[in-house]
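The block underneath contains the structure these notes are about, expressed in structure tokens.
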Amino acid sequence: MLKTDTIVVNMGPQHPSTHGVFRMVVTLDGERVVNVDPVVGYLHRGVEKLAERGTYLQFMPLTDRNDYICAMNNNLGYAVAVEKLAGIAVPERAEYIRVIMAELGRIVNHLILVGFLLNDLGAFFTPVLYCLREREKILDLFEMASGSRMTCNYMRFGGVAADLPEEFLPRARKLVASFPAFIDELEALLSTNEILVARTRGVGVLPADAAINGSITGPMLRASGVRYDIRRVEPYSIYDRFDFQVPALEHGDSYDRYMLRILEMRQSVRILEQALAQIPAGEIQTRLPKAFRPAPGEAYARTESPKGELGYYVVSDGSGNPYRIKIRPPSFINISILSQMSVGWKVADLITILGSIDIILGEVDR
Amino acid sequence: MYGLGILKGLWVTLKHYIDTYIGDGIFTVQYPEERLPLPPRFRGNPVLIMDTATGKLRCVACGICVRACPNGSIALEVGTDESKKKFPERYDINGGTCMRCGLCVEACPFDALASGPYYELASYRRQELIYDKHYLTLPPDKIPSYHAR
Amino acid sequence: MWDLVYDLFPKISQALNAFLRGFLPGWGADLAVIVLVVTVLLLGLAALFMVQTWLERKVIGRMQDRFGPNRVGPLGMLQPVADGIKMFTKEDVTPLRADRLAYNLGPILIIVPAMAVYAVIPFGKGMVGADVNIGVLYLVAISSLATIALLAAGWGSNNKYSLLGGLRAAAQIVSYEVPMVLSMLTAVMLAGSMSMVKIVEAQGGLFGLGWYIFFVPIGPIAFLIYFTCGVAEVNRAPFDIPEAESEIVAGFHTEYSGMKFALFMMGEYIQAFAVSAIAVTLFLGGWQGPVLPPYVWFGLKTFSLWFVLMWLRGTLPRLRVDQLMAFAWKFLLPVSLANIFLTGIGISIVQILTK
């Protein structure tokens, strides 16, 4: 008696395209995905508990390691939260530096995402290497300002760790000026490629209502047609001063998620151009008491990290150590919709969908 | 148009291919032979600064860096010299747990610590990752870091 | 002097044959020469594999703004040798509960047809292993044997990724065989023969430039279809779904290590080169061409096509398995059928006109 059966494949934690140590228990009917069971936690380090062990400042280097692709944005999120908790004002120049760093971080993140998404689609490392080449130039800027390429540890409560070095601004202006040309080239490489369009158009559609129900944020939500960006909705830092658009696309498929990242990079370039032109001279750090002890209370601050809403919830009991820190990692929330999106598609699409969600396991597992 | 996108992509890669021969397309740095200059702020292993005038360490063993370190990587034993001045009898940094965040350097009120310009720190044994006072000592003119001020 | 250079390899073989006839009976000399030629060809193919891997890594590296291998030897030319040493010294693992027969047979089965294809390819004037009068049929028959190897490897490995890869390979190769054969028929119809040598000789018009690809529109269409199917047949990008790294790790050769893995790679690369060589023979005039010696022309054309293969790999993403099938059955097959029809009409018209 002949019969067909489903097979269960463990994709990950060691698999070429699970972006770290993500594991999916995939049930397959031939090539078709019947069920996806995401398993997380292989990179759990107990970051939130580690925060309670040290002082407020000592947690700053650990935020680098949550979303290690764009450490600057994580630094910013935590700094904004603690400033809200303790009511610290930030000097003008420091705000500009923060915005510059955060937008550069957004570009780095989207470059990595676009490159590796195309790699998952089978383009043999070419787009990745083009993207990584541009990323290197931005990391050079980070290194110049903060001393480290990836784990920047640059933001401080009420400012930044150090003023920009002299050659930073000219180099940043040059990079930003040359960046649109690079995006054009990247788009010429694959954006209109028939194979890419066939592989991603209509694949893994996430309707807007499903996205809102799943509390999806960031580019994934905007690709589904909801124009929601915390930089606009609830401006933090000085984002209300800049003229930029919040791009949104309508289909919510993998191609839109790819395209939206490219559109966002172009908007980031716009913000950077303005910030680099307007940056004033002045102080970069508010003077804080030597022993930093915020008054008892709690604060939740959310920022638009490149992956979505990055929230830090900080509770103070009046001592020098935070009583509790809870992180709302965008990747972790966004990945929760994976199985809903990918059931019924082929294995190859599952990889595409996973790649277009944009997860970082450091942040998912914390 | 069908096929046009593919041709466009092929043209980009061909341009890059030719560029590496006739233009400045190559981006790779041939690492062990060729090295990029380190930025002055490069945040490597922390190093102790020696005062060239006196030939002694600037460190007065106050222990602020020990408290500032998020990972507890600094081990300090205080000693006193003939003139009752404190100095670090033992100052070890565990390179295995140090994450080069630079908080100790920022915390130091005497500018006795700086971020060193070292980055090839691999070793075969864990014990070799514990850097002692002598390993960490640098005269100030050798330190390109802004942290030294 | 130019004559000697022009017909270098046939002259060498004739001279050798004449020399051996000095002390061997006639059949002995013939046999010795044949054995020698086959040995040289096989060794040459192994060397070709090395050159191919080196070239591919260099070219794709350059396309990605890198140098590619440049540490081992001048320009990294000894990199394949270093890789070979690594492959030889690696542990040869057979997975527990693998189907040992199928598992071990896979790498052998893939290398044999890959090399056997070269028996009928004319590398130059008078440089052909065997001038079979059904050369094209032989090619089609032999090259589809690779399916069995991939299925055996995929099934025998006792690994789900391998199984998926093996099944994908079988489906892909079987589907692409059909339009490929139909596009080859165009050349066969134009030449009026299935012998590879005859097909090449038929393209000798116009001072060696009467290549079938210039027979607009049927020639270019048939060439493009053949080349596309050939790329799919040897599982190279953008049709590399049986070994799609980002999806099913390495497909049918996930579990192989050491020399068995090297044999898979070798089979694949040699087959890919054979696809270029066959495309050159059928549509690009084989060794035909003005001025330069035939074997130089053949090498130039084949390596150019190999460059195109590398170029495609360096640029394009891969298709999905169902899109791949749809492309073969819904697009390539009708187009190649229509192309045959057109070819037939064209030939009839020419026949009527020249009567």
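The values are calculated or read from the model by the stated rules, or taken from the named source; none is laboratory data. Computed from a predicted structure; not experimentally measured. Here Cβ is always computed from backbone atoms with ideal geometry, including for glycine, and neighbour counts include all displayed protein chains. The area values use the complete protein model at the heavy-atom level, side chains included, leaving out ligands, DNA and RNA. Shrake-Rupley method; radii C 1.70, N 1.55, O 1.52, S 1.80 Å.
Points worth noting:
- Candidates A:Asn35, A:Asn75, A:Asn119, filtered to the one that is surrounded by fewer than 20 Cβ atoms within 10 Å (Cβ to Cβ) and either part of a strand (DSSP E or B) or polar (S, T, N, Q) (or both): A:Asn35
- Evaluated against (1) closer than 30 Å to C:Tyr295 by Cα; (2) in a helix (DSSP H, G or I); (3) free of Cβ contacts under 8 Å to residues at least 40 places away in the same chain, C:Val216 falls short on exactly one condition, (2).
- Within the stretch C:165-183, residues that are within 14 Å of chain A (Cβ to nearest Cβ) sit with their Cβ atoms under 6 Å from residues that are open to solvent by 10 Å² or more (accessible area, probe 1.4 Å) and of a type in the set (Val, Ile, Thr), at 6+ positions apart or across chains, in these pairs: C:Arg168/C:Val321; C:Ala170/C:Thr147.
- Test: residue in the stretch C:211-230 that is out of contact with any His (no Cβ under 9 Å at 6 or more places or on another chain), within 14 Å of chain A (Cβ to nearest Cβ) and open to solvent by 10 Å² or more (accessible area, probe 1.4 Å): yes
- Scoring A:Ala161 on the criteria (1) within 14 Å of chain C (Cβ to nearest Cβ); (2) open to solvent by 20 Å² or more (accessible area, probe 1.4 Å); (3) in contact with a Ser or Thr (Cβ under 8 Å, 6 or more places away or on another chain) leaves a single failure, condition (1).
- Applying the condition of being more than 10 Å from chain B (Cβ to nearest Cβ) and touching a residue at least 24 places away in the same chain (Cβ under 8 Å) to the stretch A:178-194 and asking which residue is most open to solvent (accessible area, probe 1.4 Å) yields A:Pro180.
- Top-ranked residue in the stretch B:63-96 [being hydroxyl-bearing (Ser, Thr, Tyr) and open to solvent by 60 Å² or more (accessible area, probe 1.4 Å); ranked as farthest from the other protein chains (Cβ to nearest Cβ)]: B:Ser83
- Residue match in the stretch B:34-54 (condition: facing another protein chain (nearest Cβ under 8 Å) and among the charged types (D, E, K, R)): yes
- Residues of the stretch A:38-72 classified as open to solvent by 20 Å² or more (accessible area, probe 1.4 Å), more than 13 Å from chain B (Cβ to nearest Cβ) and in contact (Cβ under 8 Å) with a residue 60 or more places away in the chain, total: 8
- Residues of the stretch A:120-151 satisfying the condition of being of a type in the set (D, E, K, R) and at the interface with chain C (Cβ under 8 Å from one of its Cβ atoms): A:Asp120, A:Arg133
- Of all the listed residues (A:Leu249, A:Leu263, A:Leu288, A:Leu276), the sole one being open to solvent by less than 10 Å² (accessible area, probe 1.4 Å) and among the aliphatic types (A, V, I, L, M) is A:Leu276.
- Some residue of the stretch A:91-102 being more than 19 Å from the chain's Cα centre (by Cα), assigned to a helix (DSSP H, G or I) and within 10 Å of another protein chain (Cβ to nearest Cβ): no
- Residue satisfying condition, being assigned to a helix (DSSP H, G or I), open to solvent by less than 80 Å² (accessible area, probe 1.4 Å), modelled with pLDDT of 85 or more and farther than 18 Å from B:Tyr17 by Cβ, within set C:Leu105, C:Leu55, C:Leu43: C:Leu105
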